[in-house]
Amino acid sequence: MKALRGLAATLPLTGLAMTMSLFVAVAPASAQTANAQAGKRLFMRCQACHSTAAGQPNKVGPNLNGFIGKKAASRPGFRYSPALTKSSVKWDDKSLNAWLERPSKLVPGTTMAFPGIAKPEDRAALIAWLKTATK
């Protein structure tokens, strides 16, 4: 804090404001990168059932490429549960968070055999990674 006060005394106010804005602008991007990297590690549990790259086949679960922003159970060539097919879920941050917390709570009757992720920060990390890996 003492160094910051000394810096403020030597820089014009606009220079200080610009310097501080750089710190603010850089921090979220690096936090997002770290979050996405944690999400990539978390996805290792999911990759036994899901693929993410375009052109990869469905596995036990559907290929997730391009799924964000779309209605649940809309990937052609995959047999979804009747419950998920009838649901009105559209994949966005809110629905993904609820799904990853406990799929059977969001869509009762789903056949996805996954108990969920308890920690909100882990769900957020996985969602951050999915947004980059499934474009």
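Laid out as a table, the results:
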read-out	value
All positions within region 98-130 that are under 21 Å from Pro82 (Cα atoms) and assigned to a helix (DSSP H, G or I)	Ala98, Trp99, Leu100, Glu101, Pro103, Ser104, Lys105, Leu106
Residue ranges of helices (runs of 4 or more DSSP H) in region 1-97 with at least 2 members out of contact with any strand residue (DSSP E or B) (no Cβ under 8 Å at 6 or more places or on another chain) and modelled with pLDDT of 95 or more	13-43, 82-86
Residue match in region 62-77 (condition: touching a residue at least 40 places away in the same chain (Cβ under 8 Å) and among the small types (Gly, Ala, Ser))	yes
Index of the failed condition, Lys94 passing every other in (1) closer than 20 Å to Gln32 by Cα; (2) in contact (Cβ under 8 Å) with a residue 12 or more places away in the chain; (3) among the basic types (Lys, Arg)	(2)
Any hit, region 72-89, residues being out of contact with any Ser or Thr (no Cβ under 8 Å at 6 or more places or on another chain) and under 20 Å from Arg41 (Cβ atoms)	no
Members of region 106-121 found to be of a type in the set (Gly, Ala, Ser) and under 23 Å from Gly39 (Cα atoms), listed by number	Ala113, Gly116, Ala118
Residues of region 77-130 that turn out to be of a type in the set (Lys, Arg) and crowded, with 16+ Cβ neighbours inside 10 Å, as a count	1
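The values are calculated or read from the model by the stated rules, or taken from the named source; none is laboratory data. The structure presented is a predicted model; accordingly, all values stated were derived computationally and were not measured. Neighbour counts are summed over all protein chains in view; Cβ atoms, including those assigned to glycine, are modelled from backbone coordinates with ideal geometry.
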